[in-house]
Amino acid sequence: MDAQSISVEEKLQERIKELSCLYQVSSALREFDGSYEATLKSILQILKNAWRFPELATVEIQCESYHLSSNPIPKEAYSQKSIIKISENEVGFIKVHYPASDLSKALFLVEEQRLLDKIAYEVALFFERQNIKIQEEHLKLIAARNDRLAILGEITAGIAHELNTPLGNILGFAEFIEEKTSEKQTKRDAQKIINSAIYSREVVKKLMFFSCDMPQDIKKIEVEPVITQALSLLKPNFKKAKIRFKFNIQDPALKAQVDPIQLTQVFFNLVINAIYYSPENSQILISVYSDQMHYTIEIADEGKGIDPEVKDKIFEPFYTTKPLGEGSGLGLSVVHGIIKSHKGEISIAPNSPKGSIFKIKLPLNF
């Protein structure tokens, strides 16, 4: 069929259908209620009715993870197509199919192609706007969380300072009693007080690390000796847990600007965590590698891995998966705070075939 065979009246009717289609599609996008599938299904039907032979037309939409059609797609068909692009990236398409069995009606109007291009553009804008909204909500959540952590940091700094003096007094007097008394029961009780005071002091120290209230001593040092010394101190922990370790470093002469004490604190916390969750006779692999701007420390264990449901919580203060009394929930918060203060980042990935990999990426200079 030739386009010239279309009467003026029919052209006018097609034009009215096109304008109506644009209005209905805009309305469907504007009335979006959270269901992408329902919105795309509405567009499928609107487009189908807008084509010259709606009883034969099959409309197909593929966009991001969605792939829908108004009817089963004919195996042999004549089609017209428009690409859906977001930021110059192709994310899908819209197609209108006519079955090849009826060649007399296999005619697509130029106006219909323009309409299809316009609808593809509108759908692309819609998905782009929704993606921006999701990103904005995510950024708001991150900002709110950072605000809460900042407030918590100020509170914990104050608590840590207030507790330091009485803890020092308790520890000092308990040591004095333990030293001076000759009664065995009193000595045992004094030792319990000393142990509890030392544990509490460590918690206070972690609070101060978390609140970034500990002064930093940033200097250019070799990274390997810091890790080697820490591993040497941790050998009894590995031996007791019946776990092996392997240490690989790409460049033994690697130097970076870092606070050596805080780097040791980070390493201790992550390795002790890895030991805690690793089964007997397994191995913990420590790797260090670098590029021109950063160096990365990876600690890979063969434990049970991290449940995806708690993955986003483990760096939150006071959150722990350990039994009551075995963890303060501050270790990984301290790690996160120190790495952040060094302008670095920490991430977690599953190990293969099992376990977790903690990856710390830090700048060589800052």
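The values are calculated or read from the model by the stated rules, or taken from the named source; none is laboratory data. Predicted, not measured: the structure shown is a model, and the values here were computed from it. All Cβ positions, even for glycine, are placed from backbone atoms using ideal geometry, and neighbour counts span all protein chains on display. Heads up: the accessible areas ignore ligands, DNA and RNA and are worked out on the full protein's heavy atoms, side chains in. Shrake-Rupley method; radii C 1.70, N 1.55, O 1.52, S 1.80 Å.
Remarks
- Being out of contact with any strand residue (DSSP E or B) (no Cβ under 9 Å at 6 or more places or on another chain), more than 21 Å from residue 359 (Cα to Cα) and at pLDDT 90 or above holds for only one residue in 205, 242, and it is 242.
- Any hit, region 46-64, residues being in a loop (DSSP other than H, G, I, E, B), in contact (Cβ under 8 Å) with a residue 12 or more places away in the chain, farther than 21 Å from residue 110 by Cβ and open to solvent by less than 80 Å² (accessible area, probe 1.4 Å): no
- Spans of strands (runs of 3 or more DSSP E) in region 270-366 with at least 1 residues crowded, with 21+ Cβ neighbours inside 10 Å and modelled with pLDDT of 80 or more: 283-290, 294-300, 356-363
Conditions tested, residue by residue: (1) farther than 19 Å from residue 17 by Cα; (2) more than 36 Å from the chain's Cα centre (by Cα); (3) modelled with pLDDT of 90 or more.
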position: 53; (1), (2), (3): no, yes, no
position: 61; (1), (2), (3): yes, no, yes
position: 110; (1), (2), (3): no, yes, no
position: 131; (1), (2), (3): yes, no, no
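- Of the listed requirements (1) among the acidic types (Asp, Glu); (2) over 28 Å from residue 33 (Cβ atoms); (3) modelled with pLDDT of 85 or more; (4) exposed (fewer than 15 other Cβ atoms within 10 Å of the Cβ), residue 88 misses just one: (3).
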